[in-house]
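What follows draws every value from the coordinates through simple rules; no lab data is involved. All values reported here derive from a predicted model rather than from experimental measurement. Here the Cβ is made from the backbone with ideal geometry for all residues, glycine too, and neighbour counts use every protein chain on show.
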Amino acid sequence: MYAAIAEARFSSTFIGGIDVEVTKVAIYVKNPYSFFDDSDGGSQYLGHWNRDGICLVPEGFVAQRANWGSWSSYVIQPEGSYGRTFWPVHNSDFRRWQDAHNAGGDMVLFSDCRVVKIDPIKFRVKK
């Protein structure tokens with residue numbers, strides 16, 4: 001978990017500094033993808049992707065670790081006229097794409113922030 005300043009008050013002091021009082025922080029979770037391949041040849045499931053986004057199947061990691069077959073090899077095709085196909089992507093697929101296109105970095109996911117009121121944290125910044 002991480003926190004960032006969400007609300008603070010600033011006031012000048014007579015001695016040339018600034019008093020700061022932090023009254024709210026935003027709490028969030030940061031999850032860097034840890035791309036890995038198993039030593040037994042398995043490749044980490046990264047989700048189902050298309051040009052517009054990513055569709056994660058939460059049970060994917062558990063199913064892969066339990067060796068429950070090749071369920072993550074199937075495409076996802078949402079119903080309806082606006083449905084776009086999502087293709088399964090594994091770490092080995094992503095690394096091959098990176099090498100072929102000389103692009104694409106590791107991905108970091110962030111949760112929504114929850115702003116919480118805290119007992120004020122006060123400090124002085126000198127000019």
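Amide H neighbours of residue 8 under 5 Å, counting only residues 5+ apart in sequence or on other chains, H built in-plane at 1.01 Å?
23
Suppose the chain between residue 8 and residue 75 were pulled fully straight at 0.36 nm per residue; how much longer would it get relative to their current alpha carbon spacing? Kindly include the intermediate steps, with their values, before the conclusion.
Working: separation 67, 0.36 × 67 = 24.12 nm, distance 4.78 nm.
Once the chain is fully extended between residue 8 and residue 75, it gains 19.3 nm.
So how do 39, 111 line up by other beta-carbon neighbours within 10 Å, fewest first? Don't skip to the end; give the middle numbers.
Numbers: 39 6, 111 12.
Neighbour counts put them in this order, fewest first: 39, 111.
Within a Cβ distance under 10 Å of residue 13, other residues only, what is the Lys/Arg minus Asp/Glu net charge?
+2
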